[in-house]
Amino acid sequence: MRVTFDMLKVKLFTDGADKAQIMEMARHGHIAGFTTNPSLLRKAGVTDYAAYARDLVAAVPDRPISFEVIADDVAEMRRQARLIAEWGPNVYVKLPVSTTRGEPLYPLVRELSQAGVKVNLTAVFDLPQVDAGVAALAGGAPACISVFAGRLADMGLDYAPAVRRAVDLARATANVEVIWASTREVWNVIEADRLGCHIITAPADVLKKLPGIGSRSAAELSLDAVRAFRADVEAAGLTLPASGREAVA
């Protein structure tokens with residue numbers, strides 16, 4: 001069955017940190033929220049994190065926005081998480097599953113969630129992380145768990161078990177939603193929807209393609225490709241001169 005845009009149930013979040021792009025995407029009613037991370041902040045040239053974030057929250061006050069702690073020490077992560085949470089009622093604090101030393105952060109996640117901080121648990125890759133993550137978030141403030149399906153796929157690893165497990169656990173945990181993270185292509189949106197994810201966060205260039213899904217059949221796409229090849233041959237002025245044998249014949 002051909003999937004069309006209006007059939008999707010998964011909520012669409014824009015993943016990025018460029019303010020102009022975020023404001024452009026915010027003009028679309030089907031964009032339900034936004035996620036950022038330190039790598040995206042660096043790409044966007046952000047240097048004053050707090051000022052940038054407060055400005056963004058003021059510009060988009062009506063939809064969830066995730067901002068990540070930038071420390072690698074548990075005590076400082078706790079302080080930063082509480083500070084970030086104060087930036088706005090729509091703010092989710094992104095906490096990774098561990099420090100760079102591999103120290104699990106589930107106790108901190110539980111502490112903050114129970115204290116009313118909206119947590120987006122990020123960098124989740126495997127089943128044990130899914131189990132421990134949802135358990136840490138259960139019963140606390142509204143929360144998300146971000147499964148990095150795209151990065152798993154990039155390494156040839158099957159992401160479906162972790163995603164399915166997260167969705168199953170979240171269905172029994174009223175305050176937790178599952179985010180399909182590290183989206184690579186439009187098909188991931190359809191996969192996330194079929195697997196029952198609450199949210200998928202994707203770059204703007206992927207999300208902009210979604211209104212057109214289901215509008216062309218495979219046969220129509222094939223003909224489009226053939227015509228595009230022909231147009232490029234003509235535009236480039238490509239020719240193949242006859243060989244000597246062909247010329248004699």
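The values are calculated or read from the model by the stated rules, or taken from the named source; none is laboratory data. On a predicted model such as this, the values are computed, not experimentally measured, just so you know. So basically every Cβ, Gly included, is an ideal-geometry build from the backbone, and we count neighbours across all protein chains shown. Ligands, DNA and RNA are excluded from the accessible area calculation, which covers all protein heavy atoms including side chains. Shrake-Rupley method; radii C 1.70, N 1.55, O 1.52, S 1.80 Å.
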Open item on the list: Among the residues of the stretch 176-198, are any over 23 Å from Gly102 (Cβ atoms) and among the hydroxyl-bearing types (Ser, Thr, Tyr)?
Closed with: yes
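From the list Ala149, Ala132, pick out the single residue that is within 25 Å of Tyr106 (Cα to Cα) and in contact with a Pro (Cβ under 8 Å, 6 or more places away or on another chain). Give the derivation first.
On the way: Ala149 fails: in contact with a Pro (Cβ under 8 Å, 6 or more places away or on another chain).
Exactly one of Ala149, Ala132 is within 25 Å of Tyr106 (Cα to Cα) and in contact with a Pro (Cβ under 8 Å, 6 or more places away or on another chain), namely Ala132.
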Task: Candidate set: the stretch 195-222, residues that are assigned to a helix (DSSP H, G or I) and either of a type in the set (Val, Ile, Thr) or surrounded by 12 or more Cβ atoms within 10 Å (Cβ to Cβ) (or both); chosen: the one farthest from the chain's Cα centre (by Cα) - done: Pro211
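Suppose we filter the stretch 1-45 for residues that are assigned to a strand (DSSP E or B) and either among the charged types (D, E, K, R) or in contact with a helix residue (DSSP H, G or I) (Cβ under 8 Å, 6 or more places away or on another chain) (or both); how many remain? Walk me through how you get there before you give the answer.
First, pick out the residues of the stretch 1-45 that are assigned to a strand (DSSP E or B): 11-15, 31-35.
Among the residues that remain, those that are also either among the charged types (D, E, K, R) or in contact with a helix residue (DSSP H, G or I) (Cβ under 8 Å, 6 or more places away or on another chain) (or both) are: 11-12, 14-15, 31, 34.
Adding up the residues that qualify gives 6.
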Task: Residue list for the stretch 166-194, filter: touching a residue at least 12 places away in the same chain (Cβ under 8 Å), out of contact with any strand residue (DSSP E or B) (no Cβ under 8 Å at 6 or more places or on another chain) and not in a helix (DSSP H, G or I) - done: Thr173, Ser182, Arg184, Glu185
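Taking the stated definitions as given, is Gly139 among the small types (Gly, Ala, Ser), more than 19 Å from Ile65 (Cβ to Cβ) and either in contact with a Ser or Thr (Cβ under 7 Å, 6 or more places away or on another chain) or in contact (Cβ under 8 Å) with a residue 24 or more places away in the chain (or both)?
It is true that Gly139 is among the small types (Gly, Ala, Ser), more than 19 Å from Ile65 (Cβ to Cβ) and either in contact with a Ser or Thr (Cβ under 7 Å, 6 or more places away or on another chain) or in contact (Cβ under 8 Å) with a residue 24 or more places away in the chain (or both).
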Open item on the list: Could you tell me how many of the residues in the stretch 103-136 are within 22 Å of the chain's Cα centre (by Cα), part of a strand (DSSP E or B) and on the phi < 0 side of the Ramachandran plot?
Closed with: 5
TODO: Output the residue which, of all residues in the stretch 1-39 that are open to solvent by 40 Å² or more (accessible area, probe 1.4 Å) and in contact with a strand residue (DSSP E or B) (Cβ under 8 Å, 6 or more places away or on another chain), is nearest to Trp87 (Cα to Cα).
DONE: Pro38
